[in-house]
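S.K.: Sharing a structure here in structure tokens format.
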Amino acid sequence: MKKPQQKVGLAAPGLASGLQYFEDRRDQIIQTVRQLVEIESPSDNKEAVDRLGSFLAGKFERLGGHAKLHRTQGCGDHLQVDFPGKSAGKPVMLLGHLDTVYPLGTLSAMPFRVADGRMWGPGSFDMKSGIAFILHAIEALRHWHGDELPRPMTVLLVSDEEVGSDASRHVTESLARKSAAVLVLEPAFGPKGAVKTARKGVGEYVLKVRGKAAHSGLDFEEGESAIIELARQILELSKLTDLKRGITLNVGTVQGGTRSNVIPAEASAVLDARVARIKDAAGLDRRLQSLKPFNRKCKLEITGGLNRPPLERTPAVAALYQKASDIAKQLGWKLEEAAVGGGSDGNFTAALGIPTLDGLGAVGEGAHATHESVLISELPRRAALLSALIEMV
Ligand SMILES: [Zn+2]
């Protein structure tokens, strides 16, 4: 085989033959994804998530890693795997999640299958293919470097990403602080597989209105309608959306009242708030906290806040994207970048100032939906990109 050019300094085996290595192992990657999809792991089922966590701990240990389960009550244990490397220095962190949004038993209606150039199944795209890439990249790097890794690595797969990462955030942040960079194996964006260099910060608020109940026929004027008050507040809230600045506020659910002939004493709404820049978060929070009732006889109560800070396209994030983009170019394709509205655990690590690149996982579509699927033709080059990035960041 002709020796490929090594423009970006990959020790062995060179980018083009690295890609060939994964082309040759495409079916093995598919088999790994199949294994992972067939161990269902809904966020709310600790036993199920733990089953996947132990299965993966075994796989990573066979690749030379030291697995540690962060025991967690109420949701699955988070899996941390540390790998020593030839070189000294900080590890690169590979970040992902074990959990899916699909309830146990989904697999019987939506089994893993390969058809039309795609892999289908619950969690195939978000993000069991990403976990498979981590496994195969580590295997490849060991293969190329005499059963050792070229550098230390830390893998963290949390159990609660799909439900907000409350239980794992501190683990993610403490490992990120010790890492040189964080590579997030969440799904890529769009049909071209863009990586994500910006994600919005996400918050949730509950607005409760208390009015005064009364018979709508006998004592109409005695009542203070919480629903009317809430309706007026919702119109006010919609004015906080500023698409140009990347600020959105969505009143996602409303509730209120008891019967048609009762002036409603209570009403509430759940709001989803998103910001593209952390400096907009405090202002938005202040405006929400200082809402005043239109009807002074109604009381407002607002609770909640930002769960995830935004992942902003800082110079560190842009530089990491540039590296990935250079590697992709040498592998023969143009790696695009995208800014998206959804958050991930990469938001936490980027907010700490650690260079973070998200969306390095599979190319596909239908996350969280019945048509969730992954493009098979893209598997080798995503795995090749990941393994090259691990060496070069
Ligand atoms: Zn995900």
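The values are calculated or read from the model by the stated rules, or taken from the named source; none is laboratory data. It should be emphasised that the depicted structure is a prediction, and the values quoted were computed from it without experimental measurement. Note that we place each Cβ from the backbone using ideal geometry, even for glycine, and neighbour counts take in every protein chain shown. Heavy atoms of the whole protein, side chains included, go into the accessibility calculation; ligands, DNA and RNA do not. Shrake-Rupley method; radii C 1.70, N 1.55, O 1.52, S 1.80 Å.
S.K.: Going by Cα centres, the range 334-392 and the range 296-330 are how many Å apart?
M.R.: Centre-to-centre distance over Cα atoms comes out at 15 Å.
S.K.: Of Pro187, Ile134, Met93, which is farthest on the positive side of the dipole of the chain, counting Cα position, with +1 on Lys and Arg Cβ, -1 on Asp and Glu Cβ, and the Cα centre as origin?
M.R.: Farthest towards the positive pole: Met93.
S.K.: While we're on this one: Taking all protein chains in place and a 1.4 Å probe, what share, in percent, of the accessible surface of the range 297-393 do carbon and sulfur account for?
M.R.: 51 percent
S.K.: Here's another thing I want to ask about it. What percent does the relative contact order of the range 266-393 come to when contacts are Cα pairs within less than 8 Å and at least six residues apart?
M.R.: Relative contact order for the range 266-393 comes out at 22 percent.
S.K.: Now, a different point. Select from Glu301, Glu221, Glu161 the residue whose mean-square fluctuation is largest in a Gaussian network model of the chain (Cα-Cα springs shorter than 10 Å).
M.R.: Of Glu301, Glu221, Glu161, the Gaussian network model singles out Glu221 as fluctuating most.
S.K.: Which Cα, out of Gly257, Ala67, Phe22, lies furthest along the positive dipole direction of the chain (beta carbon charges, K/R +1, D/E -1)?
M.R.: Final value for the positive-end residue is Phe22.
S.K.: Let me make sure I get this right: for the range 348-393, a, b and c are the square roots of the gyration tensor eigenvalues over alpha carbons, sorted descending. Under 1.5 in a/c it's rounded, otherwise prolate if a/b > b/c, else oblate. Which is it?
M.R.: The shape class here is oblate.
S.K.: Order Asp126, Asp242 by their accessible area, 1.4 angstrom probe, all chains in place, largest first.
M.R.: Sorted by accessible area, descending: Asp242, Asp126.
S.K.: Still on this structure, please answer the following. May I ask you to compute the full-extension gain from Lys334 to Asn45, defined as 0.36 nm times their residue separation minus their alpha-carbon distance, rounded to one decimal in nm?
M.R.: Computed gain between Lys334 and Asn45 is 100.1 nm.
S.K.: Let me ask something else about it. Once you've got the GNM for the chain with C-alpha springs shorter than 10 Å, pick whichever of Ser260, Ser41, Ser290 has the biggest mean-square fluctuation.
M.R.: For the chain, modelled as a Gaussian network with Cα springs under 10 Å, the answer is Ser260.
S.K.: Now for a separate question. Can you give me the C-alpha center-to-center distance between the range 21-74 and the range 192-253, rounded to a whole angstrom?
M.R.: About 40 Å separates the Cα centre of the range 21-74 from the one of the range 192-253.
S.K.: Note the direction-averaged projected area, equal to a quarter of the hull surface, for the Cα convex hull of the range 73-232, in nm².
M.R.: For the Cα atoms of the range 73-232, the hull's average projected area reads 16.6 nm².
S.K.: Write down the percent of antiparallel bridges among all DSSP beta bridges whose residues are both part of the chain, to the nearest 5.
M.R.: Taking every DSSP beta bridge within the chain, about 75 percent pair in antiparallel fashion.
S.K.: Run the numbers on the chain and let me know its relative contact order in percent, using alpha-carbon pairs under 8 Å that are six or more apart.
M.R.: For the chain, the relative contact order is 23 percent.
S.K.: At what distance in nm do the modelled label points of Glu204 and Asp27 sit from each other, each positioned 7 Å from its Cα along Cα→Cβ?
M.R.: Once both label points are built, they end up 4.4 nm from each other.
S.K.: Additional query: Which chymotrypsin sites (Phe, Trp or Tyr not before Pro) in the range 316-388 pass both tests, a DSSP loop state and at most 16 other beta-carbon atoms within 10 Å?
M.R.: Taking the range 316-388 and a limit of 16 other Cβ atoms within 10 Å, the loop chymotrypsin sites (Phe, Trp or Tyr not before Pro) found are Trp333.
S.K.: Once the mean 1/r over all distinct Cα pairs of the chain is inverted, what Kirkwood radius in angstroms do you read off?
M.R.: Hydrodynamic radius (Kirkwood, Cα only) of the chain equals 22.5 Å.
S.K.: In whole angstrom, how long is each semi-axis of the equivalent ellipsoid of the range 261-393, when you take the square root of 5 times every eigenvalue of its Cα gyration tensor and sort them from largest down?
M.R.: Each semi-axis is √(5λ); the values are 42, 20, 10 Å.
S.K.: Determine the shape class of the range 44-100: with a ≥ b ≥ c the square roots of the Cα gyration tensor eigenvalues, call it rounded for a/c under 1.5, and otherwise prolate if a/b is greater than b/c, oblate otherwise.
M.R.: prolate
S.K.: Continuing with this model, one more query. Using just the Cα positions, wrap the range 171-293 in a convex hull and report its mean projected area in square nanometres, one decimal place.
M.R.: If you wrap the Cα atoms of the range 171-293 in a convex hull and average its projections, you get 11.4 nm².
S.K.: Here is a further query. So if I place +1 on the C-beta of Lys and Arg and -1 on the C-beta of Asp and Glu, and nothing else carries charge, what would the dipole magnitude of the range 133-222 be about its Cα centre? I want it in debye, nearest 20.
M.R.: Using Cβ point charges on Lys, Arg, Asp and Glu, the range 133-222 gives about 460 debye.
S.K.: Size of the dipole of the chain about the Cα centre, Lys and Arg at +1 and Asp and Glu at -1 on the beta carbon, nothing else charged, in debye to 20?
M.R.: The dipole magnitude comes to about 1240 debye.
S.K.: Next up: How compact is the range 139-232 by the rule of thumb for globular proteins, expressed as Cα Rg over 2.2 N^0.38 Å?
M.R.: After normalising by residue count via 2.2 N^0.38 Å, the value is 2.09.
S.K.: Now for a different question. Considering only protein heavy atoms and a probe of 1.4 Å, how much of the accessible area of the range 183-225 is carbon and sulfur, as a whole percent?
M.R.: Ligands and nucleic acids excluded, carbon and sulfur reach 53 percent.
S.K.: Evaluate the relative contact order of the range 346-387 (contact order divided by residue number), counting alpha-carbon pairs under 8 angstrom at least 6 apart; express in whole percent.
M.R.: Computed over the range 346-387, the figure is 28 percent.
S.K.: State in Å² the accessible area per residue of the chain; use a 1.4 Å probe, count heavy atoms of protein chains only, and round to the nearest integer.
M.R.: Normalised by residue count, the accessible surface of the chain is 45 Å².
S.K.: Could I ask something else about it? Would you please state which residues of the range 43-74 a label at Lys86 would reach in this model, taking the label point 7 Å out along Cα→Cβ and a backbone N cut-off of under 19 Å?
M.R.: Flagged as within label range: 63-65.
S.K.: Related question: Which entries in the list Lys128/Lys239; Lys178/Lys329; Lys200/Lys292; Lys46/Lys279; Lys46/Lys244 go over 32 Å, if you measure between the two C-alpha atoms of each?
M.R.: Lys128/Lys239; Lys46/Lys279; Lys46/Lys244
S.K.: Please give the charge dipole size of the range 227-281, origin at the Cα centre, charges +1 on K and R Cβ atoms and -1 on D and E Cβ atoms. Round to the nearest 20 debye.
M.R.: Using Cβ point charges on Lys, Arg, Asp and Glu, the range 227-281 gives about 260 debye.
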